[in-house]
Structure formats: C-alpha cells, structure tokens
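Let me begin by presenting the structure, written as structure tokens, before commenting on it.
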Amino acid sequence: MEVRFPDIPAYRGWAHPLRTESTIEGLELIEGHVPETLDGTWYRAGPDRQYPPMLGTDIFIDGEGMAHMFRIRDGVVSYRSRWVRNDRFKAQAAAGRSLFGLYRNRFTDDPSVFGVSGGTANTNVIFHNGRLLVLKEDDLPFEVDPDTLEPIGRYDHGGKVRATSLTAHPKWYPDDGRLLTYSYQAKGDGSRDIVFYDILDDGTILDEIWFEMPYASIVHDFAVTPNWAVFPFMPLITDVENLKRGGTFYQWHPDEDVVVALVRRGGTAEDIRWFRGPAGTLSHMMNAWEEGDVVHLDACYYEGNCFPFFPTPEGEHVPACPAFLSRLSFDLTRNDGGFERRRLTDLPGEMPRTDDRHQGQPCRHGFMILDRGADGSSALGRLDLKTGAAELWRPGPSSSVHEPQFVPRHPGAPEGDGWLLVIVNRLDANHSDLAILDTQDVVSGPVALLRLPVRVRSTFHGTWVDGGTLAKRRS
C-alpha cells in the first residue's frame, strides 16, 4: 500500500512523523564541557507514527512508542532510539499499514486485530527491580533491554497485577525500592474501577486497594505522601456507547466537579477522604506532602479542558486554556468536602519535575517548561516553591524544550542541587540539541550543549538511572 501521510495539524512542521531509529556514538560538543561526575543513562519515551493513521486523523498524544536513551560517562554522551516493538507494532509491521483507529477506541480498529492490545507504550520509562519498563496508561508496562532498547515483553509483575493496565506515572522511593502505581478504568474501558498498588522490588504487594471513581474519568497522574495517595478525577469521561458510535475516548463534561480522593496507604476503601471543586483539569503532579492535618498537592491546573480535541457530549470543542502550577490544599479536619487552591506562579507551564529523592516530602525547588511563545518556543524554568520566584533559560528563537530531568550533583547532595538534562528542539534547523544546566545557575544557560544530527520529534517523560545501578544489574 502507498505510504502517504495526511496534511493535518498533528503532522505539520516539527510534528511530522520521523519514523527513524538512530544510534549515535559520541554526540558533537558545541559548547562547554559535560560534568565528569555525570555517570548514567537518561531514558525517555514519546509517540511517533509507524504508518499513516488508519482513519486519516490523529492527535498528538497518540502514535506508536519510541524509546530514547542518552548514555553519559567520562564526559561523553551517546544516543540511541528504538521503536517499542510490542503487539501493536508487530501486527502493523506484518500488515504494512495502521490497524488501530481512533485513540483508544477499539470499536474503530481493523477486525484483524480483535483481541490484540492497542497499547502504544509511548509515555514514560521507569527502572524497577532491574527492569526497564516503557509505560502508557492503556496497557501493562512493556519491558525493553536497558543497554539496547530491544524488546523483551509485556510485564505484569509476575502475574500479581490483576488490573488490565497500569499508569504511565508511578512513583517510587529510591532508598527502599518500592513502586507506587495504579490503574484507572482497571476492569476495562468505561469502568469506574480504580486500584492502588504498593509493590516491593521483590514483587511483594503491600497494598492493593480497589475502589470506585465518581465517573469513568481520566486519571493521568497522581501523587503520594508517607500516609496518602492523592487521586484527581476530572470530568473527561469515557462513555462506551459513544465509543460504539465512533466517538472519542473521552468527552468533556463542564457541569461535573473535579473530585479528589485521598486514599490512606495501608488502609481500605472505607478510609478514603473525598474533596470537590469546580470543573477543571489536573494534568501532571509536581509533588505532594503533609503538614499536620493538611495534605498539599502541587500540580498543573487548567481552569477548563486541557484536551480541546475531546469535545463535550453535544460535540462542542471547548478552546484550550493554559495550565498554571497551583497548590491544592486538603484539610483533613474539614467536613464540607472542599479544598483550597492558589497559583504558585503566573507563568503558564507544563511538565513539572522535582528532585525525585524527595517525592512525598516538602520541596523548595521545582523545574518545568514555562512561558510558551506564539512561535512554538518555550523556556526551561526553575521555581522557588516557597517564594514563587522563577528563573528562566530561553534556548533561543524558534527553540523549545522537552520536560527536564533532575540529576543530583552527588548522592548526598541537598534537595534540588545538581544538573538538569533537557532536549532542545531547534524548530527552524530541524534537529535537536541536548543541554545540561547547573540548577544553581539556570539563567546562565548550559554548562554543556551537544548537537544531535537528528530531530527528536517528541518525548513526554523519562527517568535517570545512575551508572552504579545499571552496573549492579549486569553483575
């Protein structure tokens, strides 16, 4: 069959499908020097398109998974990208065309893939129990080799996970190896079932708490504290009858509240505390922590629908609105079911990260994409979460940044002291750079800038794995 991509906004300019695997040993150093103490691998995942979309339309969060890795050692950086060759990818490779229809709508798939998972494995990468897992919330994790990114297979934690999928945004504690994860619509598309898991490195499940959502919501991300798991439910709702009619996987319901569940770790569904607020969208969480009887959550908050391509049930497409990093505070002594919300910065932004060593504890420093420009440009921001002050590094005109990755300066470094790794899109030059910045002086720009001779089309999230951890896995 002809391979011809449609002329649609999702494929124009930088977003045009790349469809290329790369291996580059030794990236070209443009300026500065790579810190010699940096030793490890940065993994990321994002979507690309194996073939033109079956129905001629697409949205930017869809597409087959592409895994990326930057290996840094002795001042040298190498890069590799590989397709995530899961069941979806293999079925389409055999057919020579796309076989899956609208985003997550199995009723629009080609009949030949009935019973084949449409999971894309295109959102995040984590390292757990010596395994490198590529994640997307529409399926179970897919394991790949940490050195080569070659496929190993679908991973269900030794058969202990009973849910049909797992989130792309688990949390973990590096010191004790515990993985905190969940599944929403956990018994199938459109179900209101959700389950929270606390899993040890050896596979032992400490917590498995099932409960029901107020509606069949999207739950893209969550947050954890020592005593609570924080789940935001937003009125982007799945209606199976709408899917059968060929509709979108989610519909925006502006008449519904945002509902937040605080699930007690080690507890039961009966221990959940519920809070409500006006319709909006929480996309990505920066962190959560406890202060006496109050649980605080720092998250990107949209005062409306963050995905304008998901219409209302009446078919109306609500215009996009910006996200602002906001603090939601849940007072456990209140009985009125409400919560407080305030902005931490007046700069719009997304993809918030912090020092992963301090997840669930109060943090002073946050990092994220801030202040997008009309030309597609964006800045890398360092936020003081106590004062709201922001320091920005702008990579230049017609340049934008991916989600940053924090790496501690050394194992015992104070919170937020270290390096930021960030992929830079050179939109006019049609290639990417890798920038390494010092968190103590972000505004001065990179301490090292390396050129990629290829375009890294899109990545969403990723993780840093230090060299010692990878070496231990091989021994």
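The set of residues from the stretch 4-26 being surrounded by 11 or more Cβ atoms within 10 Å (Cβ to Cβ) and over 26 Å from the mean Cα position of the chain (by Cα) comprises PHE5, PRO6. Restricting attention to the stretch 391-435, the residues that are assigned to a loop (DSSP other than H, G, I, E, B), of a type in the set (S, T, N, Q) and either crowded, with 22+ Cβ neighbours inside 10 Å or touching a strand residue (DSSP E or B) at 6+ places or on another chain (Cβ under 6 Å) (or both) add up to 0. Annotation: GLY277 fulfils all but one of (1) out of contact with any Leu (no Cβ under 6 Å at 6 or more places or on another chain); (2) within 30 Å of ASP58 (Cα to Cα); the unmet one is (2).
So, PHE100, is that one surrounded by 21 or more Cβ atoms within 10 Å (Cβ to Cβ), touching a Phe, Trp or Tyr at 6+ places or on another chain (Cβ under 8 Å) and aromatic (Phe, Trp, Tyr) or not? No: the conditions fail for PHE100.
Consider VAL294 carefully, then state whether it is farther than 23 Å from ARG104 by Cα and within 24 Å of the chain's Cα centre (by Cα). No, not satisfied. Any residue at all in the stretch 370-382 that is of a type in the set (Ser, Thr, Tyr), in a loop (DSSP other than H, G, I, E, B), surrounded by 21 or more Cβ atoms within 10 Å (Cβ to Cβ) and not assigned by TED's automatic domain parsing to the domain that holds ASP48? Checking the stretch 370-382: at least one residue is of a type in the set (Ser, Thr, Tyr), in a loop (DSSP other than H, G, I, E, B), surrounded by 21 or more Cβ atoms within 10 Å (Cβ to Cβ) and not assigned by TED's automatic domain parsing to the domain that holds ASP48. Take the residues in the stretch 45-63 that are of a type in the set (A, V, I, L, M, F, W, C) and closer than 14 Å to PRO9 by Cβ, then tell me which one is farthest from the chain's Cα centre (by Cα). Looking at residues that are of a type in the set (A, V, I, L, M, F, W, C) and closer than 14 Å to PRO9 by Cβ, I get ILE59.
The residues of the stretch 94-114 that are in contact with a Leu (Cβ under 9 Å, 6 or more places away or on another chain) and under 14 Å from PRO53 (Cβ atoms), listed by number, are SER98, GLY101, LEU102, ARG104, ASN105, THR108, ASP109, ASP110. Has the stretch 240-247 got any residue that is surrounded by fewer than 21 Cβ atoms within 10 Å (Cβ to Cβ), part of a strand (DSSP E or B) and not small (Gly, Ala, Ser)? Within the stretch 240-247, none of the residues are surrounded by fewer than 21 Cβ atoms within 10 Å (Cβ to Cβ), part of a strand (DSSP E or B) and not small (Gly, Ala, Ser). On the basis of being part of a strand (DSSP E or B) and touching a residue at least 60 places away in the same chain (Cβ under 8 Å), does MET286 make the cut? Taking the combined requirement at face value, the residue satisfies it. When residues in the stretch 248-265 are screened for being crowded, with 20+ Cβ neighbours inside 10 Å and either of a type in the set (A, V, I, L, M) or on the phi > 0 side of the Ramachandran plot (or both), 5 of them pass. A count restricted to the stretch 103-127 and to residues that are hydrophobic (A, V, I, L, M, F, W, C), in contact (Cβ under 8 Å) with a residue 60 or more places away in the chain and surrounded by fewer than 22 Cβ atoms within 10 Å (Cβ to Cβ) stands at 2. Restricting the stretch 30-44 to residues that are surrounded by 22 or more Cβ atoms within 10 Å (Cβ to Cβ) and either among the hydroxyl-bearing types (Ser, Thr, Tyr) or touching a His at 6+ places or on another chain (Cβ under 7 Å) (or both), the residue that is nearest to PHE100 (Cα to Cα) is ARG44.
Across the stretch 333-351, the qualifying residues are those that are under 19 Å from GLU290 (Cβ atoms) and outside any loop (DSSP other than H, G, I, E, B), and the one among them that is farthest from the chain's Cα centre (by Cα) is GLU340. For the stretch 436-455, a residue qualifies if it is in a strand (DSSP E or B) and either under 30 Å from ILE59 (Cβ atoms) or without any contact (Cβ under 8 Å) to a residue 60 or more places away in the chain (or both), and the qualifying residues are LEU437, ASP438, LEU452. What residue, among those in the stretch 218-228 that are assigned to a strand (DSSP E or B) and in contact (Cβ under 8 Å) with a residue 40 or more places away in the chain, is nearest to TRP274 (Cα to Cα)? Taking the candidates together, the pick is TRP228.
Applying the criterion of at least 1 residues that are closer than 21 Å to ALA45 by Cα, modelled with pLDDT of 95 or more and in contact with a Lys or Arg (Cβ under 7 Å, 6 or more places away or on another chain) to the strands (runs of 3 or more DSSP E) found wholly in the stretch 114-206 leaves 124-128, 142-144, 151-154, 178-184. Taken over the stretch 67-103, the residue count meeting the criterion of being of a type in the set (Phe, Trp, Tyr) and within 16 Å of VAL465 (Cα to Cα) is 2.
Inside the stretch 147-189, residues that are surrounded by 19 or more Cβ atoms within 10 Å (Cβ to Cβ), more than 20 Å from the chain's Cα centre (by Cα) and over 30 Å from GLU25 (Cα atoms) make up a count of 2.
Can you report the number of residues in the stretch 289-317 which are part of a strand (DSSP E or B) and buried (at least 18 other Cβ atoms within 10 Å of the Cβ)? Number of matching residues: 9. A residue that is farther than 18 Å from VAL125 by Cβ, among the hydrophobic types (A, V, I, L, M, F, W, C), more than 23 Å from the chain's Cα centre (by Cα) and part of a loop (DSSP other than H, G, I, E, B) cannot be found anywhere in the stretch 456-475.
The values are calculated or read from the model by the stated rules, or taken from the named source; none is laboratory data. As the structure is a computational prediction, the values presented were derived from the model and not from experiment. As a convention, Cβ positions derive from the backbone with ideal geometry for all residues, glycine included, and neighbour counts pool all protein chains shown.
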